[in-house]
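Peer 1: Attaching a single structure in structure tokens format; questions to follow.
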Amino acid sequence: IWDTAGQERFQSLGVAFYRGADCCVLVYDVNVLKSFDNLDNWHTEFLNQ
């Protein structure tokens, strides 16, 4: 299990964590709408790896 930060500055690190993964659990902050809106981007990023 890898827990990565969701901020854009850490997005490039995701590639190293996603490679070879069979699944991904995406979570968001219910108090921050932008974190929910970004789920599609994170999902797409994972599928492209």
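Peer 1: Would you pick out the residues in the stretch 36-49 that are out of contact with any Phe, Trp or Tyr (no Cβ under 8 Å at 6 or more places or on another chain) and not in a helix (DSSP H, G or I)?
Peer 2: ASN48 - this is the single residue of the stretch 36-49 that is out of contact with any Phe, Trp or Tyr (no Cβ under 8 Å at 6 or more places or on another chain) and not in a helix (DSSP H, G or I).
Peer 1: Taking interchain pairs and intrachain pairs at least six residues apart, which have beta carbon atoms under 6 angstrom, with the first residue in the stretch 17-35 and outside any helix (DSSP H, G or I) and modelled with pLDDT of 85 or more and the second surrounded by 13 or more Cβ atoms within 10 Å (Cβ to Cβ) and of a type in the set (Gly, Ala, Ser)?
Peer 2: Qualifying pairs under 6 Å: TYR28/SER35; ASP29/SER35.
Peer 1: Does the stretch 18-36 hold any residues that are surrounded by 10 or more Cβ atoms within 10 Å (Cβ to Cβ) and not hydroxyl-bearing (Ser, Thr, Tyr), and which are they?
Peer 2: If the condition is that a residue be surrounded by 10 or more Cβ atoms within 10 Å (Cβ to Cβ) and not hydroxyl-bearing (Ser, Thr, Tyr), then ALA21, CYS24, LEU26, VAL27, ASP29, VAL32, LEU33, PHE36 are the ones that fit.
The values are calculated or read from the model by the stated rules, or taken from the named source; none is laboratory data. Bear in mind the structure is a predicted one, so any value in this text is a computation, not a measurement. When we count neighbours, we look across all protein chains shown, and the Cβ atoms used for this are built from the backbone with ideal geometry, even at glycine.
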